[in-house]
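Since every read-out is calculated from the coordinates, none of them should be taken as a lab result. This one's a predicted model, so the numbers in the text were calculated from it and none came from an experiment. Neighbour counts run over all protein chains shown; Cβ positions are idealised from the backbone, glycine included.
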């Protein structure tokens, strides 16, 4: 963002004053991050596109109630994570793979493309509450405190889930099974309460 570009807060104010182009600017500024977050959470491009669209629709509908207690980007992350949770609840469960039917991993893990596919495949199997923290912090570089705000959990919970998520991801990449977490359920904040951020 250059010195002449309006801040997110300025764009929110302009939108509230009736400037619909301000929202289009917010979408253009954040659409890549929103899609990447959704893709990492859901693992499928078509689901990520749908969740991104749902996140921006929800944002549009509720932007007039955004109080600004957190950064707009943090608020949008929270909406996106909630859209991903909704998509996962609607998704039929994947059938358990049969023994011996899983293709062998690529032999050359130095190949960046194959490694990225392996990581994405493993990440999609990390328990959801850990995956959200991993994607926000490790993939997107969101600071701990903003992750805590976005997920509506204490900072210590973010750090714990990040540690447990990294362990789960490492086990999956090594080909080991990962047990379901015994931790708390993910935040289920509805869009109606998102303006409280």
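Rank these for me by crowding, 133, 139, going from fewest to most other beta carbons within 10 Å.
Least to most surrounded, the residues fall as 139, 133.
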Taking every pair of Cα atoms in region 54-93, average 1/r, invert it to obtain the Kirkwood radius, and report Rg/Rh to two decimals.
-> 1.06
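How would 60, 66 line up from fewest to most surrounding beta-carbon atoms within 10 angstrom? Intermediate results must be reported in sequence, preceding the final value.
On the way: 60 14, 66 21.
If I rank by nearby Cβ atoms, fewest first, I get 60, 66.
Multiply the residue gap between residue 121 and residue 160 by 0.36 nm, knock off their C-alpha separation, and tell me the result in nm, one decimal place.
Values: separation 39, 0.36 × 39 = 14.04 nm, distance 2.25 nm.
Extra length available between residue 121 and residue 160 comes to 11.8 nm.
Roughly speaking, what is the stretch gain from residue 24 to residue 71, that is 0.36 nm per residue apart minus the C-alpha to C-alpha distance, in nm to one decimal? Provide the component values of the computation, followed by the final result.
Working: separation 47, 0.36 × 47 = 16.92 nm, distance 1.79 nm.
Computed gain between residue 24 and residue 71 is 15.1 nm.
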May I ask you to derive the FRET efficiency for residue 128 and residue 31 from their Cβ-Cβ distance with R0 = 30 Å, giving the value to the nearest 0.05?
-> 0.85
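Report, please, the projected area of region 20-74 averaged over directions, based on the convex hull of its C-alpha atoms, in nm².
Value for region 20-74: 3.9 nm².
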Region 139-156 and region 40-73 have their Cα centres apart by a whole-number Å value of 16
Which value, in Å to one decimal place, does the Kirkwood hydrodynamic radius take for region 124-178 when every pair of different Cα atoms is included?
-> 11.1
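What FRET efficiency comes out for residue 173 versus residue 62 if R0 is 45 angstrom and r is the Cβ-Cβ distance? Round to the nearest 0.05.
With a Förster radius of 45 Å, E is 0.75.
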